[in-house]
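The values are calculated or read from the model by the stated rules, or taken from the named source; none is laboratory data. Bear in mind the structure is a predicted one, so any value in this text is a computation, not a measurement. Counting neighbours? That spans all protein chains shown, and the Cβs are built from the backbone with ideal geometry, glycine included.
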Amino acid sequence: NYRHCRETYALRGPVDGSAPPEHLFHIPAEGSINLFSRYEVAYEQRLAATRQKQQNQVLANQQIQAAHVDKEQQISAKTDELNRTQTEKAAEIDAHRAAEENQRVANRNDYAQAQNDAARQIQVATDQATANRADAQQQAAAIKAEGKSQADGMKANAQGQRDEAQAAKNEKQAQLN
């Protein structure tokens, strides 16, 4: 590519100083100043500047890479911390849900036990009431039988008294006649 090369009346070569220039000819100057050595000094300065620029670029690239690595490590650490926190929170939530489910099961069991206890108490009360009613019926039957017996006895006694009174009346009647 011609754009990256220079060609003058004295030099030909790459512009960026990546290779030494090719001197087309050697021209001694007035006062014994050699243009060739001036071009060599200029080339060495450009070459040193280019090397310094390349070293600076390498150093900058290393610093950028180190910054990227540091950033990635920080992101990784934060991500790990976030994942750990999420895992801990999920475990807490699961434990809370399990405790709530256990409480619901315990409440259902307590409710079922209370219903069973209430049903048992109702059955006991019903059985007791039935037994009491049977006892009351037996007592009533016994009292009724005793009352009937007493009434029959009183009736028989009254009948006997009536019969005696009738006999006495008949006897008196017979005596009068």
Any chance G13 is touching a strand residue (DSSP E or B) at 6+ places or on another chain (Cβ under 6 Å) and modelled with pLDDT under 75:
yes
Quick one: which residue in Q62, Q55 is over 22 Å from the mean Cα position of the chain (by Cα) and farther than 30 Å from E22 by Cβ?
Q62
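Would you call Y39 assigned to a helix (DSSP H, G or I), at pLDDT below 95 and touching a Leu at 6+ places or on another chain (Cβ under 9 Å)?
yes
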